[in-house]
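What follows is a short report on a single structure.
Just so it is clear, none of the values below were taken in a lab; they were calculated from the coordinates. Bear in mind the structure is a predicted one, so any value in this text is a computation, not a measurement. Glycine also receives a Cβ, built like all others from the backbone with ideal geometry; neighbour counts cover every protein chain displayed.
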Amino acid sequence: MAFLPPDDLEIDPHEVARRRAEASDDLLLLDCRTTAEHEVARIDGSLLIPMPELPERLGEIEAWRERAIVVYCHAGVRSLDVTRRLRRAGFTNVRSMAGGIHRWSVEIDPTVPVY
């Protein structure tokens, strides 16, 4: 597998917020954390597919194979892994949200609990 530089794998949360604010932007937010983490804090409108369940649940996001997907976790480590996995599976427009939901809570939406 070719090395993909971080700027190709990640997207800044401010850019995600901007794109979500544009009604015309077609963007799937994919939460790869655990169900318990999702219950504590989540970004409204995101789809939860915990990382271990991804292989058997790929069909749920098949329609997004060429559309924009932003994956997030708590701090950005798991979402980078999921981003790489999705790209290897043929999803062409997927990125990890840098800093995860923690950074989202601190910089974008303080109503989302920090944990």
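Scan the stretch 39-65 residue by residue and report those that are free of Cβ contacts under 8 Å to residues at least 12 places away in the same chain and in a helix (DSSP H, G or I). It would help to see each step written out before you state the result.
Pass one, the stretch 39-65, residues free of Cβ contacts under 8 Å to residues at least 12 places away in the same chain: 39, 44, 52-53, 55-57, 59, 62-63.
Across the stretch 39-65, the qualifying residues are 39, 52, 53, 55, 56, 57, 59, 62, 63.
In this structure, does residue 92 turn out to be among the β-branched types (Val, Ile, Thr) and in a helix (DSSP H, G or I)? It would help to see each step written out before you state the result.
On the way: among the β-branched types (Val, Ile, Thr): yes; in a helix (DSSP H, G or I): no.
When the stated conditions are applied, residue 92 does not pass them.
Give me a count of the residues in the stretch 99-113 that are more than 17 Å from the chain's Cα centre (by Cα) and touching a residue at least 24 places away in the same chain (Cβ under 8 Å).
Matching residues across the stretch 99-113 total 1.
Just the residues that are in contact with a helix residue (DSSP H, G or I) (Cβ under 8 Å, 6 or more places away or on another chain) and within 15 Å of residue 69 (Cα to Cα), please, taken from the stretch 21-44.
25, 27, 28, 29, 30, 31, 32, 43
Confirm whether residue 29 is out of contact with any Gly (no Cβ under 9 Å at 6 or more places or on another chain) and among the aliphatic types (A, V, I, L, M).
Details: out of contact with any Gly (no Cβ under 9 Å at 6 or more places or on another chain): no; among the aliphatic types (A, V, I, L, M): yes.
The answer is no for residue 29.
Out of all the residues in the stretch 21-35, which are without any contact (Cβ under 8 Å) to a residue 12 or more places away in the chain and farther than 20 Å from residue 103 by Cβ? Write out each step before concluding.
Narrowing the stretch 21-35 to residues without any contact (Cβ under 8 Å) to a residue 12 or more places away in the chain: 21-24.
If the condition is that a residue be without any contact (Cβ under 8 Å) to a residue 12 or more places away in the chain and farther than 20 Å from residue 103 by Cβ, then 22, 23, 24 are the ones that fit.
Return the residues of the stretch 66-75 that are surrounded by fewer than 23 Cβ atoms within 10 Å (Cβ to Cβ) and either among the aromatic types (Phe, Trp, Tyr) or assigned to a loop (DSSP other than H, G, I, E, B) (or both); say none if nothing qualifies.
Residues satisfying the conditions are 66, 67, 74, 75.
Can you work out which of the residues in the stretch 6-27 that are touching a Lys or Arg at 6+ places or on another chain (Cβ under 7 Å) and closer than 18 Å to residue 108 by Cβ is surrounded by the fewest Cβ atoms within 10 Å (Cβ to Cβ)? Even if it seems obvious, please write down each step before you answer.
Our first condition is that a residue be touching a Lys or Arg at 6+ places or on another chain (Cβ under 7 Å); within the stretch 6-27, this holds for 9-11, 13, 25-27.
Cutting the leftovers down to closer than 18 Å to residue 108 by Cβ gives us 10-11, 13, 25, 27.
Numbers: 10: 21, 11: 21, 13: 25, 25: 11, 27: 16.
By that ranking, first place goes to 25.
Condition check: surrounded by fewer than 22 Cβ atoms within 10 Å (Cβ to Cβ), within 14 Å of the chain's Cα centre (by Cα), within 22 Å of residue 39 (Cα to Cα) and among the basic types (Lys, Arg). Does residue 85 satisfy that?
On the way: surrounded by fewer than 22 Cβ atoms within 10 Å (Cβ to Cβ): yes; within 14 Å of the chain's Cα centre (by Cα): yes; within 22 Å of residue 39 (Cα to Cα): no; among the basic types (Lys, Arg): yes.
Spelling it out, it is not the case that residue 85 is surrounded by fewer than 22 Cβ atoms within 10 Å (Cβ to Cβ), within 14 Å of the chain's Cα centre (by Cα), within 22 Å of residue 39 (Cα to Cα) and among the basic types (Lys, Arg).
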